[in-house]
Structures are given as C-alpha cells and as structure tokens.
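Asker: Sharing a structure with you now.
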Amino acid sequence: MVTTESYAPNQLYTIPLADLQADVNQPRKFLDPQALEELTASVTQHGILEPILFRQDKQTGVLYVVAGERRCAAARQANLTTVPAVFIDSDNYAEISLVENLLRQDLNPVEEAEALERLRTDHAYKQEDLARIIGKAPITISETLSLMKLPQEIRDECRQDPTVPKNFLVTLARNKQQRSMLSQYAKYKQQRAKAAEKTAPVSGRRSPAATLAASLEASGKKVTAMDFSTLTESDLTLVIEAITGLKDTLENALSKVLK
C-alpha cells in the first residue's frame, strides 16, 4: 500500500501489516513451516518482541520489509493487524537485510550465496569488501560465492531444502563441468534416500541414527524460533557457548561423513 506519511530514521512506529510489502530482493526465500508455526504460537501469546525493520521507496512511497519477513508472516497468521517497526533510511538496506539474516543464521547456503552475489554485482564490491561488510573471513566469502557456479536446478532444490550441508555444496561447486555436478548431486540424493530407508523405524521403534537426526532437527527449529533479544546477558552467553560447542561437534562429524 502506498503511504504519504514521512518517517524519521531509527524511530519506532506501529505499522499496519497491510502497508508492509515483501522485498523481491529479500535474501530469505524459504520459510520452514514448522518453525513458522512455532513462531506464530509465540507471537499469538506474546506479540512481536523484536521490531521489524522497514524502508520506504522514495519514488512510490511503498513500505518494504528490510528485516523481519518471518515475523511478519507469523503476525499475519496470528491475525495481528499492526506490528512494531523501525524505519531504516539508508541506501544500504540490502546489506542491512543480509547481515541481520546472517546474524540470526536464518539463511541456507544457497540463499546466502545469492544475496552476496547480488550485493557484489549491484555495488561492484570485491570479495574483501564483502568480507568486511559481513564480518566473515575472505575464504568463507569465496566459498559461499562459489555456490553460484552450481546449476540452477541444484540451487532451486537446495534453496527449499536447508538440510543439504554447505561443505558438500562447496565441494560440488569445485567441479568444472555442470554435468558432473548434476551427476554427483543425483548420487548424493540417492545415498541420502537409501540412508533414510535404512533408518526407517522397525516395529514402531526408531533406530539410533533416526533418533539423533530427529533430535538435531528439533533443536535447529527451536534455535530458529528463539527470540534472542529477550534473553539476559548470562542466558545469551550460555546459549552461545552451547551452540558453539555443538557447531564444532557437527563440523567434526561432517568431516568424517563427507570424506
């Protein structure tokens, strides 16, 4: 919806949900249904605890979500009509949106790669510029951008499936031929399907691997749904330490599995 109202930078407003439009360049393309359902339950009970970031198109007056698309979706499902929102008056709104999503670990590898590539091309950034803006090592930026070499078919699938490991995709992107990438990706999917069959429950009982996979998936969804802005400093430190420890454990496990 077009609005003629003017907004002051970094000020908090109560904005009608109907006035907020999704940005076509929003990095996040996949909304996990279960995580969204959990967030909707939280919003229904507590409301929106962290404001949405929004911008206003200077020519049309249309309001676009810079960060908080998932919170807006949950608010709509919770039948809210307004949300708290902070106005961002910056030409670097794409950077703000990307950084906010990355800090929340909300983007899957392909979404992150596409967002970085868009920043690189739109602003003629070098990889070292992106590393400085995002706050990640240049080698990490290089590996992430390498995913743009993957065939569109693979990127489309992985955009909707955040369970495909980034390490695997980076290794896949090192192939020079797209035909080889497609072949190896198909083999990966076959192996995963066979593994799923082997771990299927027998007589109503889960195998240890299936139990572990379900537990990891549930933990990931809980982390995604957590509103970290509501935590005390000591609680936040506790969560960060736990996530860091789990991250190291998972990376070690993946290095063995993907050998």
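Asker: In the range 67-83, which residue that is among the charged types (D, E, K, R) and closer than 14 Å to residue 42 by Cα is surrounded by the most Cβ atoms within 10 Å (Cβ to Cβ)? Break it down into steps so the answer makes sense when it comes.
Answerer: First pass over the range 67-83, keeping only residues among the charged types (D, E, K, R): 69-71, 76.
Now restrict to residues that are closer than 14 Å to residue 42 by Cα: 70-71, 76.
Details: 70: 21, 71: 24, 76: 16.
Going through the qualifying residues, I end up with 71.
Asker: Among helices (runs of 4 or more DSSP H) lying entirely in the range 1-115, which contain 1 or more residues that are modelled with pLDDT of 85 or more and within 29 Å of residue 144 (Cα to Cα)?
Answerer: Values: elements: 33-46, 69-77, 93-103.
It comes to 69-77.
Asker: Sort through 155, 174, 205, 159 and tell me the only one that's modelled with pLDDT under 70 and outside the structural domain of residue 34 (by TED's automatic domain parsing).
Answerer: 205
Asker: Follow-up. If we keep just the residues of the range 123-149 that are assigned to a helix (DSSP H, G or I) and modelled with pLDDT under 80, which is surrounded by the fewest Cβ atoms within 10 Å (Cβ to Cβ)? Show your work before the answer.
Answerer: Step one: list which residues in the range 123-149 are assigned to a helix (DSSP H, G or I), which gives 123, 127-134, 138-149.
Imposing the further condition that a residue be modelled with pLDDT under 80 reduces the set to 123, 133-134.
On the way: 123: 15, 133: 17, 134: 20.
Once the filter is applied, the top-ranked residue is 123.
Asker: Further, regarding this structure: Can you pull out the residues in the range 150-178 that are farther than 12 Å from residue 109 by Cβ, of a type in the set (Asp, Glu) and not in a helix (DSSP H, G or I)?
Answerer: Hits for the range 150-178: nothing passes.
The values are calculated or read from the model by the stated rules, or taken from the named source; none is laboratory data. Computed from a predicted structure; not experimentally measured. Reconstructed Cβ throughout: ideal geometry from the backbone, glycine too, with neighbour counts over all protein chains shown.
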